[in-house]
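Heads up: the structure comes next, in structure tokens.
None of the figures in this text is laboratory data; all of them are computed from the coordinates on show. Computed from a prediction, not measured in an experiment: that's the story for all the values here. Here the Cβ is made from the backbone with ideal geometry for all residues, glycine too, and neighbour counts use every protein chain on show.
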Amino acid sequence: MADDPERIAVIPGDGIGREVVPAAREVLEAVGPDFEFTEADAGDAVKEETGEALPEETRELAANADATLFGAAGDTAADVILPLRSAVESFANVRPVRAYPGVDAPNPETDLVFVRENTEGVYAGHESEIAPGVTTLTRVVTEAASEEIARYGFEYAAERDARVTIAHKANVMRTTDGLFLETARSVAEEFDVAYDDALMDALAMHLVQRPEDYDVVVCPNLAGDVLSDLAAGLVGGLGLLPSANVGDERALFEPVHGTAPDIAGEGVANPSAAMLSTAMLLEYLGYDDAGQRVRSAVTETLASGPRTPDLGGDATTRDSTDAVLSRL
Ligand code: ATP
Ligand code: MG
């Protein structure tokens, strides 16, 4: 029914996930849409208790929620996040990478978004050892998945008056990336969006030199993985980067960082990435104003403080959360 509250699954996980996810949830509750929150366990701690890193009830919760907010998992990360991403049937991994005023960034001009194909490419898993000392990998690229990711990227760009760059290596991988590029170009014809394409190796260099030239970068799976980490290095600080795993019916939002075992339990983790992930969650569910309010409050707090130690300040997660809440 249209007026049922949206169901939000909250999965803090391990390490600083248990600190930043509750902080992000406070922000989500403060901006107010009437959400129904359900919390569940995943990761190392629950595996130690029950033998399972991703209990079936947690997987089902994510598979049935409208959106999931996830923190991080430690050694069990692959056993948790990969099945969770498929539980929400996500086909796109969306990673905005931007520099914030007040935060030391190697390149303060950086403000772009990676839209990464999330289901195939070399990560489809067809690896084998065909003889001792000889291994192979099959790369899967389909027209259907290429079309889906390209359409998502162009729609995303159209809504934001942005341009698109299609990353590929079609000069070498002519059949697979050739299909990816050709499919993305034909999707581009449906949109009034400026676009170009770039060889992923040259793109890596240009991203370092002139990140301001790029808005939305649509990438095959592996290229998106590498290029988005590279760009993350341009803005300084893992504590700032949110991400979304987007499907048609549901989606999962998570900070890019992991469990940060070196600071976990000290109450000093930077909650910005988790909070910015909730801004993406709000926008995914159609609460654009609320999402923008969260983004502005986090941006103002990064600019004028208080700041957590990773950004050179001495604020706790609590101080930083209170500052964001007071600006909402
Ligand atoms: P994992 O295996 O869970 O990814 P990791 O040791 O790789 O753990 P990350 O969480 O990836 O740790 O973080 C890498 C570094 O960045 C750590 O030094 C961590 O303290 C720092 N860091 C990451 N996220 C944050 C945050 N939100 N606030 C402060 N520092 C952070
Ligand atoms: Mg890590």
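Rank these for me by crowding, Glu60, Glu148, Glu155, going from fewest to most other beta carbons within 10 Å.
Glu60, Glu155, Glu148
Regarding region 1-59, what is the average projected area of its C-alpha convex hull, in nm²?
Value for region 1-59: 4.6 nm².
Given q = 0.12, 0.16, 0.18, 0.20 Å⁻¹, what are the Debye log10 I(q)/I(0) values for region 44-168, with equal point scatterers placed on the Cα positions and solvent ignored?
Values returned for q = 0.12, 0.16, 0.18, 0.20 Å⁻¹ are -0.71, -1.07, -1.15, -1.19.
At Asp111 and Asp213, where each label point lies 7 Å from the Cα along Cα→Cβ, what is the point-to-point distance in nanometres?
Simple spin-label model gives 1.9 nm for this pair.
Determine, for Ser320, Ser243, the number of other Cβ atoms within 10 Å of each Cβ, and report the residues in order from fewest to most.
In order of increasing Cβ crowding within 10 Å: Ser243, Ser320.
Under 10 Å, Cα contacts only: if you run a Gaussian network model on the chain, which one of Glu48, Glu129, Glu56 comes out with the highest mean-square fluctuation?
Looking only at Glu48, Glu129, Glu56, the biggest GNM fluctuation is shown by Glu129.
What FRET efficiency would be calculated for the residue pair Glu266, Leu328, taking the C-beta separation as r and a Förster radius of 25 Å, to the nearest 0.05?
It comes out at approximately 0.45.
Read phi for every residue in region 295-305 and hand back ³J(HN,Hα) as whole Hz from Karplus 6.51 cos²θ - 1.76 cosθ + 1.60, θ = phi - 60°, with x for Gly and Pro.
4, 5, 5, 5, 4, 5, 5, 5, 6, 10, x
In the chain, what percentage of the DSSP-assigned beta bridges are antiparallel, given to the nearest 5?
Bridges in the chain are about 45 percent antiparallel.
At what distance in nm do the modelled label points of Ala30 and Glu56 sit from each other, each positioned 7 Å from its Cα along Cα→Cβ?
Here the answer is 4.0 nm between the modelled labels.
Work the Kirkwood hydrodynamic radius out for region 173-265: mean of 1/r over every pair of different alpha-carbon atoms, inverted, in Å.
By the Kirkwood definition, the hydrodynamic radius is 15.7 Å.
Starting from the Cα of Glu129, step 7 Å along the direction of its Cβ; do the same at Glu89; then give the gap between the two resulting points in nm.
Result for the modelled spin labels: 3.8 nm.
Going by average Cβ neighbours within 10 Å, how do the peptides 264-271, 97-104 rank, with the highest at the top?
For the peptides 264-271, 97-104, the packing ranking is 264-271, 97-104.
Nearest 10 degrees is fine. How inclined is helix 272-284 to the longest principal axis of the chain, computing both from alpha carbons?
Approximately 70 degrees, to the nearest ten.
Please work out the Kirkwood hydrodynamic radius for region 231-322, using every pair of different C-alpha atoms, and report it in angstroms with one decimal place.
Working: mean 1/r = 0.0727 Å⁻¹.
This gives a value of 13.8 Å.
Can you pull the Rg over Rh of the chain, Cα-only, Kirkwood? Walk me through the numbers on the way to the answer.
Working: Rg = 19.6 Å, Rh = 20.3 Å.
Using Cα coordinates only, the ratio equals 0.97.
Which of Val193, Val88 comes first, and how do the rest follow, when ranked by fewest Cβ neighbours within 10 Å? Don't skip to the end; give the middle numbers.
Numbers: Val193 21, Val88 25.
Neighbour counts put them in this order, fewest first: Val193, Val88.
Pop out the Kirkwood hydrodynamic radius of region 129-223 from its pairwise C-alpha distances, inverse of mean 1/r, in Å to one decimal.
One decimal place: 14.2 Å for the Kirkwood radius.
Please work out the Cα center distance from region 289-328 to region 104-176, rounded to the nearest Å.
Each part's Cα centre sits 33 Å from the other's.
Taking θ = phi - 60°, what integer Hz values does the Karplus form 6.51 cos²θ - 1.76 cosθ + 1.60 yield along region 127-138, in sequence order, with x for Gly and Pro?
10, 8, 9, 7, 7, x, x, 10, 10, 9, 9, 9
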